[in-house]
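Worksheet: one structure, shown below.
The values are calculated or read from the model by the stated rules, or taken from the named source; none is laboratory data. This one's a predicted model, so the numbers in the text were calculated from it and none came from an experiment. Heads up, the Cβs are rebuilt from the backbone with ideal geometry, glycines too, and the neighbour counts pull from every protein chain shown. For the accessible areas, the whole protein counts, side chains as well, though only heavy atoms, and no ligand, DNA or RNA atoms are used. Shrake-Rupley method; radii C 1.70, N 1.55, O 1.52, S 1.80 Å.
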Amino acid sequence: MAYKISDDCIACGACADACPVNAISEKDGKYVINADECLDCGACADACPVDAPKAE
């Protein structure tokens with residue numbers, strides 16, 4: 001089970017900075033999580049100021 005970033009994302013980059021495996025990248029002004037690389041650790045959710053990353 002991987003995390004997914006919702007439309008609540010404000011593109012601040014906090015999630016990408018917090019990801020220990022660099023599974024998060026910016027694409028078209030939004031951040032996306034590569035599900036194949038996500039460890040499901042929740043670091044992105046903990047770092048996000050608007051709670052955009054959610055467990056699927």
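Can you find a residue in segment 16-33 that is in contact with a Pro (Cβ under 9 Å, 6 or more places away or on another chain), open to solvent by 80 Å² or more (accessible area, probe 1.4 Å) and either among the hydrophobic types (A, V, I, L, M, F, W, C) or modelled with pLDDT of 95 or more (or both)? No, there is no match, as no residue in segment 16-33 is in contact with a Pro (Cβ under 9 Å, 6 or more places away or on another chain), open to solvent by 80 Å² or more (accessible area, probe 1.4 Å) and either among the hydrophobic types (A, V, I, L, M, F, W, C) or modelled with pLDDT of 95 or more (or both).
Go through segment 35-56 and give me each residue that's without any contact (Cβ under 8 Å) to a residue 24 or more places away in the chain and not acidic (D, E). Within segment 35-56, L39, C41 meet the criteria.
Just give me the residues in segment 16-33 being part of a strand (DSSP E or B) and free of Cβ contacts under 8 Å to residues at least 12 places away in the same chain, in sequence order.
Listed by number, the residues that qualify are S25, K27.
Taken over segment 34-46, the criterion of being open to solvent by 40 Å² or more (accessible area, probe 1.4 Å) and either of a type in the set (G, A, S) or in a helix (DSSP H, G or I) (or both) is satisfied by A35, D46.
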